[in-house]
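Chemist: Quick one: the structure is below, and I'll ask about it shortly.
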Amino acid sequence: MAATRYRRVLKLCEEGPVEETKRHRDLGVFLRQRVAQAFREGENTQVADPEACDQMYESLLRIHTNYYRNKYPRLKDTSFTGVTVEDCKMILATDILKQMEDMKKGTWRKLREKFSAKKPEEDSK
């Protein structure tokens, strides 16, 4: 029975999309890592609590199939701020967040980083 659970969860993870703009912060990547941890022995893994495992699978399936989005449709695809889904995706992209983090740095810190010695990992390249 554990093999069936493993195959179902693995299939769900394979179908789930991975957003390249959110490197190391994507839900799909996180779920794949958690499944790998939970089923370390693959199909041979013994599931300690089968009911909890089935419940988690059902929850992931509802997320994957947009169950609640379809059950409670929205009139508009914007929030109260008027920001669209595309704008949110762009703002939350890893590259944009990195640029915003760089903008937050003070002048002295920018100068110090610019004129400081090379980092050890840069020397090995």
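Coordinate-derived values only; no laboratory data. As the structure is a prediction and not an experimental result, all values here were calculated from the model. All Cβ positions, glycine included, derive from the backbone under ideal geometry; neighbour counts span all protein chains shown.
Chemist: Could you tell me the calculated FRET efficiency between A2 and Y72, based on Cβ-Cβ distance and R0 = 35 angstrom, to the nearest 0.05?
Modeler: On the way: r = 35 Å, r/R0 = 0.99.
It comes to 0.50.
Chemist: Could you run the Karplus curve 6.51 cos²θ - 1.76 cosθ + 1.60 with θ = phi - 60° over region 66-74 and give me ³J(HN,Hα) per residue in whole Hz, x for Gly and Pro?
Modeler: Values, residue by residue: 6, 3, 6, 5, 6, 6, 10, x, 9 Hz.
Chemist: Using the alpha-carbon atoms, what tilt in degrees (0 to 90, nearest 10) does helix 50-64 show relative to the longest principal axis of the chain?
Modeler: In the chain, helix 50-64 runs at an angle near 60 degrees to the longest axis.
Chemist: I would also like to ask the following. Taking R0 as 22 Å, what's the FRET efficiency between I91 and E15 from their Cβ-Cβ distance, rounded to 0.05? Before the final figure, lay out each step's value.
Modeler: Numbers: r = 27 Å, r/R0 = 1.21.
Computed FRET efficiency for I91 and E15: 0.25.
Chemist: May I pose another question? Which of the trypsin sites (Lys or Arg not before Pro) found in region 1-77 are loop residues per DSSP with 13 or fewer other Cβ atoms within 10 Å of their Cβ? Mind dumping the intermediate values first?
Modeler: On the way: sites: R5, R7, R8, K11, K22, R23, R25, R32, R34, R40, R62, R69, K71, R74, K76; in loops: K22, R23, R25, R40, R74, K76.
For trypsin sites (Lys or Arg not before Pro) across region 1-77 that sit outside H, G, I, E and B with at most 13 neighbouring Cβ atoms in 10 Å, the list reads R23, R25, R40, R74, K76.
Chemist: What percent do you get for the relative contact order of region 1-73 when only Cα pairs under 8 Å and 6+ apart count? It would help to have the intermediate numbers written out before the result.
Modeler: Numbers: 36 pairs, mean separation 29.2, N = 73.
About 40 percent, as a whole number.
Chemist: Moving to a separate point now. In whole angstrom, how far apart do the alpha carbon centroids of region 20-34 and region 64-116 sit?
Modeler: 16 Å
Chemist: Let me ask something additional. State, to one decimal in nm, how far the label point of A52 lies from the label point of V29, with both points 7 Å from Cα in the Cβ direction.
Modeler: 2.7 nm
Chemist: Still on this model: Among M100, F80, F115, whose Cα sits farthest toward the positive end of the charge dipole of region 76-118 (+1 at Cβ of Lys/Arg, -1 at Cβ of Asp/Glu, about the Cα centre)?
Modeler: Projecting each Cα onto the dipole axis, the largest value belongs to F115.
Chemist: Continuing with the same structure: Sum -39500 (n - 2.57) across every DSSP H segment of at least 4 residues in the chain, then divide by the residue count to get the 222 nm mean residue ellipticity, nearest 500.
Modeler: Taking each H run of at least 4 residues, the total per residue is -18000 deg cm²/dmol.
Chemist: Please identify the longest segment of the chain free of exposed GluC sites (Glu not before Pro), where exposed means a DSSP state other than H, G, I, E or B and no more than 10 other Cβ atoms within 10 Å. Intermediate values should be presented prior to the final figure.
Modeler: Values: sites that count: E20, E41.
Excluding the exposed sites themselves, the longest stretch runs over 42-125.
Chemist: Something else: What angle, in degrees between 0 and 90 and rounded to the nearest 10, separates the Cα long axis of helix 2-15 from the longest principal axis of the Cα atoms of the chain?
Modeler: 40 degrees
Chemist: Only one of the listed values, (1) 48.6, 158; (2) 21.3, 61; (3) 13.2, 40, was derived from the coordinates as Rg and Dmax of the Cα atoms in Å; which label is it?
Modeler: Structure-derived value, by its label: (2).
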